[in-house]
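One structure below.
Read the figures in this text as sums done on the coordinates, not as results from a lab. Please read all numbers here as calculations on a predicted model, not as lab measurements. Cβ placement follows ideal geometry from the backbone for every residue including glycine, while neighbour counts extend to all protein chains displayed.
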Amino acid sequence: MKTIMSSTAVAPGTGPATVTERTRGTGTGTGTGTGTSTTTGTAPNTTTTITTTSTSTSTSTSTSALIPVRRDPVHEAAEDLCSVVLSSLRRKDQREKGRQYVRGLLALRGRKSMRGIAGQVGGPAAEQSMHHFISSSTWDWEPLRASLSGFLEATSPLTAWVAQPMAIPKGGDRSVGAAHRFDPHQGQMFRGQQAFGTWFASAGLVTPVGWRMFLPDAEGPQGAVDEHASQAAYEQCAAAAVIETVRHAGSGPRPVVLDIRQIGTRSTMNRFAEAGLPVIARAAASTPLLVTDPTLPGYGGGVRSAREILQSVKGLCTPVEWTDPDPGHPGGRHRGTLAVAVRVMMPDPSPARRRHLLLVGEWTDPRRAPAQVWVTDLVRLPVGPLLRLTKQGRRVGFAAEHGGQEVGLRDFAGRALPGWHRHVTLASVAHAARALTGTEHGPTP
């Protein structure tokens, strides 16, 4: 068989250009036949003619062009992650089930139900075994989370750990931790579960690596129902979520950004100091503090609220530029706000526990009260790097809203706490695969 294809194109101001492609094939046997086909198509300044002459036999051998297979970078990243992260699972069938679950999370559109995930990898017959693997098996999720952190650290060095709450709406009350409760972070009531995620934030990606479900009865005093006890349990759970994740990861001390409203209390700051982890935490404007800088107003004047202190030094603000996640701008949108840092101390009955801190205030409008209030023990950092560090929380919030939905972080429908932990762990692996390939809809800083 002989095929000749020629294409002649004439561009404005140029001479004709001719491209010819030839493919030859041979065949042997009895009986021959010939045929000629000519097709002419017209496009702007282009004429294409294809002429085919063939000789066929009763027994023939032909060759055809090879079509390159398109590589899926997300699938390849997921395979690389699974080969490392799932290595702690003792049985081969468990490792394969883990791979299938991650593949199903990435392939399934919309809500990630167990039936839908199984349908992506093995059909209806796989649903029961997949359900058992997530909800009834005994494998430990903590080694997987530690391996995930290690893989990411080797790929894109860690900038900071970021803690954020994640509200999971639930219509009923049979799921573990589901209740009608007030969400301090959103400032509103909702029905469902409350969890805390610890996110790995580097220059190139943000992705979750640790989780803890908020269970008030387990965190605080049994039977405690008053507002102060509930807030204390909430703070304790948030702090424990980060400290446990960092301890299991085994990496060196890196800053922790507690992007949780009103979390910057004396007890929280003491917990992180005892754990040896530097921290910057969102604080309430009413937080009581002592000014320790003798050059500033309020020094020696006793306890004052964070709002009062910041208002008295607003004239010392400096402009700080930072990058805000924006779906319309792949690299983010550059913004600028005013900020100031003040040396303070939290009053504590025990002098040994009184630590020097910085109070950081940010203004979007200097005519109004501070838009954000933070406290930190990173006392050697200037206000610019400190404020930009807090913006890691905005990156995480953007990634949680978009990439988190795509991999089903909120979609576990089971009732058991271990099943929820296994689901969010494998969903975190799927999210990491998207983050590593830049397909999680999150911008780089």
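Structural remarks
- With the highest mean first, a sort of the peptides 312-323, 368-379 on other beta-carbon atoms found within 10 angstrom per residue produces 368-379, 312-323.
- 22 Å Cα-Cα reach of Lys314 towards lysines, excluding residues that sit fewer than 8 places from it in its own chain: Lys391
- Summary of packing: across the peptides 345-352, 382-389, 394-401, the per-residue average of other C-beta atoms within 10 Å ranks them, highest first, as 394-401, 382-389, 345-352.
- Built amide H within the under 5 Å cut-off of Asp324, gap 5+: Arg333, His334, Arg335
- The slack in the chain from Arg247 to Arg388, taken as 0.36 nm per residue of separation less the alpha-carbon distance, amounts to 48.3 nm.
- Extension gain from Ser113 to Asp326, taking 0.36 nm per residue of separation minus the Cα-Cα distance: 73.7 nm
- Between Arg307 and His180, the FRET efficiency from the beta-carbon distance, with R0 = 30 Å, is close to 0.40.
- Cross-link partners for Lys112 among the lysines, with Cα-Cα distance under 19 Å and sequence neighbours closer than 8 places in the same chain left out: Lys97, Lys170.
- Other residues within the sphere of radius under 14 Å centred on the Cβ of Arg254, judged by their own Cβ, net out at -1 (K and R +1, D and E -1).
- Spin-label model, Gln94 to Ala285: label points 7 Å out along the Cα-to-beta-carbon direction sit 5.2 nm apart.
- From most to least packed by mean Cβ count within 10 Å, the peptides 204-215, 155-166, 185-196 give 204-215, 155-166, 185-196.
- Length gained on full extension, Asn270 to Thr437: 56.3 nm, using 0.36 nm per residue less the C-alpha separation.
- Distant-in-sequence amide H partners of Val373 (H built 1.01 Å from N, under 5 Å): Ala283
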